[in-house]
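Undergrad: What follows is a structure written as structure tokens; I'll ask about it next.
Laboratory data are not the source of any read-out in this text; all were calculated from the coordinates shown. Just so it is clear, the model here is predicted, and its values are computed rather than measured. Reconstructed Cβ throughout: ideal geometry from the backbone, glycine too, with neighbour counts over all protein chains shown.
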Amino acid sequence: MKLNYKRTALIGLAFLSICAFWGLYEAVVPLMLRDTFHLGDTVSGAIMALDNVLALFMLPLFGTLSDKTHTRIGRRMPYILAGTAAAAVLIVLLPLANRAASLPMFFVSLGLLLLAMGTYRAPAVALMPDLTPKPLRSKANAVINLMGALGTVLALGMIAVMAPAGAHPDYLPVFLCMGAVMALCVLVLFLTVKENKLAAQMPAQETSREEAQAGDGAGLDAGKRRSLALILCSVALWFMGYNAVTSAFTKYATSVWGHDVGQASTCLMVATVSAVISYLPIGALSSRWGRKKTILLGVTVLSGCFALAALVGRSFSPWLYGLFMLVGFAWAAINVNSYPMVVEIGRGADVGKYTGYYYTFSMAAQIITPVLSGFFLERFGYWTLFPYAALAVALAFVTMSLTRHGDSRPQPAASKLEAFDTPD
């Protein structure tokens, strides 16, 4: 049984469009809120956290709804098509509201846009396992994540090239292009991936007798419960640190370092590319060192990079690109290994439940940290951003150091692509 890489990449076009959207959203919307509508950093942080709040409710809701949907074009495809079509139109309203300096129009457009994105995010992710046999899903997920990384890089590259400098830049061209990219990706997906036909060709998936008998299973012993709690606390802490930087970076870079939005986006793009490039060596390092040690290395490097960034003066320094290369490496070291540690503590029958734990803590952190870090930015100044991030990640080193479970050494990957198999 071999994975159809071409078809999997086509399935990943929906995820590419999603990641491209969020790359543009996180880079530009904070600047609109600050420069056009003059909102404080606490309020701005709360607005930037709305997508994560909605995700806690909308992802399971529309994932379940799509499970129960049966149409002539498939279960997931109606949500992907309708959601993308709505988002591709609504995304253009944001720069128009920004150009008109209309706060009511901006809020209504933003709310509708986030709702549209929430309707098809879970169905788009579910399409891959629907159309991929269980033994091949790790390889397929690697391809999907590579497509997502490509989408993020594409968005940041578009901003760097198309977003004009100046006090009141017009973002309409880059948002128009993003809407076109999203629509084109999903159109190609629809024309090339026939969901019902491919689903009918899938072999029947059987649950093993051992897992079926296990059911929900007995609870974890005290040691494993403690390790699970510590790992989940670590997940929350490093997401609080990392997301604080990504959600406020363009504001920080333009205000403190004198970057324009293009230079700031290039720094984030360097970090993203570095993370993608790092997956293979991180996978090899994890095989030798184990997950816990590799995570601790990543946490140390990430916290150190944020601490160094806090020392940068009020002017652009080219060595910042090198610093953000290290940030990408460190984030890959953490992200590749943390999710496997969580599910390693449970059994095969409980993977979905423990996956839910992982995303609950990571999303909750991304809800809290824009508001909390935004309060510090507004109350004490932008200089607090990187110390805040460095401290949060450093605390994750403490909690991760105390874990005693979940660190089974992974077997060597059957394919190099499996080293890319990380959650998004």
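Undergrad: With the dipole of region 1-142 worked out from charges on the C-beta (+1 for Lys and Arg, -1 for Asp and Glu) around the Cα centre, which of SER17, PRO95, LEU33 lies farthest toward the positive end?
TA: Result: SER17, furthest along the dipole toward the positive end.
Undergrad: Now for a separate question. Using the Karplus curve 6.51 cos²θ - 1.76 cosθ + 1.60 with θ = phi - 60°, work out ³J(HN,Hα) for each residue of region 53-64 in order, rounded to whole Hz, and write x for Gly and Pro.
TA: Here the 3J(HN,Hα) series is 4, 4, 4, 4, 9, 7, 4, x, 4, 7, x, 5 Hz.
Undergrad: Shifting gears a bit: Rounded, prolate or oblate: which fits region 44-124 when a ≥ b ≥ c are the square roots of the eigenvalues of the alpha-carbon gyration tensor, with rounded for a/c under 1.5 and prolate only if a/b beats b/c?
TA: It comes out oblate by the Cα gyration axes.
Undergrad: Using r as the Cβ-Cβ distance of LEU61 and LYS293, and R0 as 41 Å, what FRET efficiency do you calculate, to the nearest 0.05?
TA: After rounding, the FRET efficiency stands at 0.60.
Undergrad: Just add up the charged neighbours of THR119: K/R +1, D/E -1, any other residue whose Cβ is under 15 Å from the Cβ of THR119.
TA: +2
Undergrad: Here is a further query. Ranked highest first by average number of other Cβ atoms within 10 Å, how do 149-159, 15-25 line up?
TA: 15-25, 149-159
Undergrad: Count neighbours as other Cβ atoms within 10 Å of each site's Cβ, and list the trypsin sites (Lys or Arg not before Pro) in region 221-295 that are DSSP loop with at most 15 such neighbours.
TA: Passing sites in region 221-295 do not exist.
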